[in-house]
Amino acid sequence: MGADLFAHKAAGYEQEKRRTDVVTSIAEAILESVPLNQNMHLMDFGSGTGLLLERVATKVGKITAVDISPAMNARLEEKKPALPCELELMPVDLAEVIPQARFDGVISSMTLHHVENLPVVLSRLYTVIADKGFLALADLELEDGSFHDEADGVFHKGFDCRKIMKLVSVAGFKDVELKRIHSIPKNGKDYPVFLLTARK
Ligand SMILES: C[S@@+](CC[C@H](N)C(=O)[O-])C[C@H]1O[C@@H](n2cnc3c(N)ncnc32)[C@H](O)[C@@H]1O
């Protein structure tokens, strides 16, 4: 494994209000778009400190948190005892490892732009989602590269909405839909965020 790109960010990660605000909007949009129930086992891909999964945890039975950053995983581990659903941490790079479990759905917030080879990861997600399971991915729309203060580990300046929908279709998913759900204010600019949903 390479360097932990989030090592210096993990401690203060949740202190930025615009960061918690976007994840709150993403969670609300997921809850509106996808029916969840207590029998479900979800994966949160790129779970970080758990901002997204803790906002849906009352609605499902189990969440597997997949994240490559030991520092972010350590923050999430601290939250485990208080979470209202079962939580399993899976500290792996999804570009390298295919989990054995099959999930009723995969949720993800602000992670795709950190994934170099998106077609490989989308095809992994297709493999690990059970038949008729769902995908709910949120990230930045195309931006000019000014969103991140550090470029390390940022492989995409957001996404062209039509192109990301196409990539998800090519990975095998159907009923691919995308909507703008939030805008992040930063340095006098607004950075729109989409939620893409699809079915296996
Ligand atoms: C910007 S953070 C978002 C964290 C959280 N989802 C949120 O919205 O607060 C992106 C996270 O994705 C993780 N990540 C990026 N690429 C990954 C990969 N290939 N496999 C697993 N985790 C990955 C990073 O370690 C990081 O914790």
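The values are calculated or read from the model by the stated rules, or taken from the named source; none is laboratory data. Bear in mind the structure is a predicted one, so any value in this text is a computation, not a measurement. As a convention, Cβ positions derive from the backbone with ideal geometry for all residues, glycine included, and neighbour counts pool all protein chains shown. For the accessible areas, the whole protein counts, side chains as well, though only heavy atoms, and no ligand, DNA or RNA atoms are used. Shrake-Rupley method; radii C 1.70, N 1.55, O 1.52, S 1.80 Å.
A compact table of results
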item	result
All positions within the range 108-124 that are of a type in the set (A, V, I, L, M), touching a helix residue (DSSP H, G or I) at 6+ places or on another chain (Cβ under 9 Å) and more than 9 Å from the ligand (Cβ to nearest atom)	118, 122
Residues (away from the ligand (no atom under 11 Å from the Cβ), in contact (Cβ under 8 Å) with a residue 12 or more places away in the chain and not in a helix (DSSP H, G or I)) located in the range 9-31	11
Scan of the range 126-145 for residues that are among the charged types (D, E, K, R), touching a residue at least 24 places away in the same chain (Cβ under 8 Å) and surrounded by fewer than 22 Cβ atoms within 10 Å (Cβ to Cβ), ordered by number	131, 132, 141, 143
Candidate set: the range 172-181, residues that are in a strand (DSSP E or B) and over 17 Å from the mean Cα position of the chain (by Cα); chosen: the one surrounded by the fewest Cβ atoms within 10 Å (Cβ to Cβ)	174
Condition check for residue 97: of a type in the set (A, V, I, L, M, F, W, C), farther than 29 Å from residue 184 by Cα and within 11 Å of the ligand (Cβ to nearest atom)	yes
Test: residue in the range 153-163 that is open to solvent by less than 100 Å² (accessible area, probe 1.4 Å) and in a strand (DSSP E or B)	yes
The range 182-200, subset basic (Lys, Arg) and surrounded by 14 or more Cβ atoms within 10 Å (Cβ to Cβ), residue farthest from the chain's Cα centre (by Cα)	186
